[in-house]
Amino acid sequence: MVKNFLVSDYDGTYKMKPTLLDDLKKNNFAVQRFIDKGNIFMMATGRVFESIHKEFIEFDLKANYISCADANVLFNNNFELLYYNTISKQDILKIKDYYKLFDEMIGKDPYSNVSSENVVEYNIRYKDEKSKRIFVEHLRHNKLFAFYHDPSDSLNAHLFDRRNDKVKAIQFVATLENIPKDKIYTIGDGYNDLSMIEAFNGFAIKNAKDAAKYESLGVYDTVSDLIDGIEKENAPKRQ
């Protein structure tokens, strides 16, 4: 029997805003059932290891694979490293004129340890909201780095190599698990989910941005609802 492979974004998709613990528990139960039936589930998030690892412990999350740092780091279910992509020193020097906007900028390795080697992210802290607006505008215009802002601290940000996206992590796992493309399902809510929504049997969560809904095959209230659709074989597929 060929396995189904489901990939879910985390913030705003698996964990809704505001956080609804009943929906979160419902998702957890559905994912565990999905995995127990021999299927594969991956959480794909912009969060870094330190942040998503805490969430897995706090909310008792389950996954066969965890893609974080916008697909620049991939872990198995024991948070053992499968691959990572680094930011080159040449690339980070390209934004040196903007260092004055930061109170700090710290290089970190795949496990969120402060390091000058194997740097997969630069954790920056803006001086203020104005500094943040200036730098984010630069990032959006030049498209050099992917970035993620902490949900609970808007002045704390993470920079990643932009040349990777969630599709790459999905393809890596699909090859590892020998899963055909027609058995791959994705669900998300934001712009960094568009590539995986477009590339596979992609769906949007109910509170998703319009762009995500437009590219999707349909909209679901929760991740557990999509799992029900996959298991009942009534979730649409791309032709």
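The values are calculated or read from the model by the stated rules, or taken from the named source; none is laboratory data. Given the structure is predicted, the values throughout are model-derived calculations rather than measurements. Don't worry about glycine lacking a Cβ; one is built from the backbone with ideal geometry, like all the others, and counts go over all protein chains shown. Heads up: the accessible areas ignore ligands, DNA and RNA and are worked out on the full protein's heavy atoms, side chains in. Shrake-Rupley method; radii C 1.70, N 1.55, O 1.52, S 1.80 Å.
Solvent-accessible area per residue for the range 159-239 at a 1.4 Å probe radius, Å²? Could the numbers behind the result be given before it?
Details: 3940 Å² over 81 residues.
Normalised by residue count, the accessible surface of the range 159-239 is 49 Å².
Which aspartates and glutamates, if any, have their Cα less than 18 Å from the Cα of Lys213, not counting same-chain residues under 8 positions apart?
List returned: Asp9, Asp11, Asp189, Asp193, Glu198, Asp221, Asp225.
Please give the helix 166-177 orientation as an angle from the longest Cα principal axis of the chain, in degrees from 0 to 90, rounded to the nearest 10.
For 166-177 against the chain, the angle is about 50 degrees.
Rounded to the nearest 20 Debye, what is the dipole magnitude of the range 36-82 about its Cα centre when Lys and Arg each give +1 and Asp and Glu each give -1 at the C-beta? Before the final figure, lay out each step's value.
Numbers: 4 positive and 7 negative charges, 24 e Å.
Charge dipole, the range 36-82, about its Cα centre: 120 debye, nearest 20.
Calculate one ³J(HN,Hα) per residue across the range 52-58 by plugging θ = phi - 60° into the Karplus curve 6.51 cos²θ - 1.76 cosθ + 1.60, and present them in order as whole Hz with x for glycine and proline.
Once rounded to whole Hz, the list reads 6, 4, 4, 5, 4, 6, 5.
Looking only at the range 1-79, where both bridge partners belong to it, what percent of the DSSP beta bridges are antiparallel (to the nearest 5)? Write down the numbers at each step before the final one.
On the way: 4 of 13 bridges.
Close to 30 percent.
Using DSSP, restrict attention to beta bridges with both residues in the range 1-132 and report what percent are antiparallel, rounded to the nearest 5. Intermediate values should be presented prior to the final figure.
Working: 14 of 23 bridges.
Antiparallel bridges make up about 60 percent of those DSSP assigns within the range 1-132.
Give the long-range amide H neighbours of Leu82: residues separated by 5 or more places, or on another chain, with amide H under 5 Å away, using H modelled in the peptide plane at 1.01 Å from N.
It is Leu74, Phe75, Asn76, by chain and number.
From the phi of every residue in the range 194-210, what ³J(HN,Hα) in whole Hz does the Karplus formula 6.51 cos²θ - 1.76 cosθ + 1.60 yield, where θ is phi - 60° and glycine or proline is x?
Each residue's phi maps through the Karplus curve to give 4, 4, 6, 5, 6, 7, 10, 6, x, 9, 10, 7, 4, 9, 5, 5, 4 Hz.
With the chain treated as a Gaussian network of Cα nodes joined by springs under 10 Å, which of Tyr99, Tyr214, Tyr84 yields the largest mean-square fluctuation?
Among Tyr99, Tyr214, Tyr84, the largest mean-square fluctuation in the Gaussian network model of the chain belongs to Tyr99.
Using amide H atoms built in the peptide plane, which far-off residues or other-chain residues are under 5 Å from Asp70 H to H?
Close amide H contacts, sequence-distant or interchain: Thr45, Gly46, Arg47.
Could you please state how large a percent of the accessible area of the chain is carbon and sulfur, counting protein chains only and using a 1.4 Å probe? Working shown, then result.
Numbers: 5570 of 11700 Å².
Solvent-exposed carbon and sulfur of the chain make up 48 percent of the total.
Which distance in Å, rounded to a whole number, links the C-alpha centroids of the range 167-209 and the range 25-55?
A separation of 14 Å, based on Cα centres.
Taking the Cβ of Ile134 as the centre, find all other residues whose Cβ is under 15 Å away and add up their charges (Lys, Arg: +1; Asp, Glu: -1).
Values: positive: Lys96, Lys100, Arg125, Lys127, Lys130, Lys132, Arg133, Arg140; negative: Asp97, Asp103, Asp128, Glu129, Glu137.
Once all neighbours under 15 Å are counted, the net charge is +3.
Mind checking the dipole of the range 50-130: about its Cα centre, +1 per Lys or Arg Cβ, -1 per Asp or Glu Cβ, Debye to the nearest 20?
300 debye
Would you mind working out the magnitude of the charge dipole of the range 89-239 relative to its Cα centre, with +1 at each Lys and Arg C-beta and -1 at each Asp and Glu C-beta, to the nearest 20 Debye?
The dipole magnitude comes to about 600 debye.
What is the range 1-139's relative contact order, in percent, from Cα pairs under 8 angstrom and six or more apart in sequence?
Relative contact order here is 16 percent.
What does the charge add up to near Phe79, with Lys and Arg as +1, Asp and Glu as -1, over the other residues with Cβ less than 15 Å from its Cβ?
Numbers: positive: Arg47, Lys54, Lys62; negative: Glu50, Glu55, Glu58, Asp60, Glu80, Asp109.
So the surrounding residues net to -3.
Write down the percent of antiparallel bridges among all DSSP beta bridges whose residues are both part of the chain, to the nearest 5.
About 55 percent, rounded to the nearest 5.
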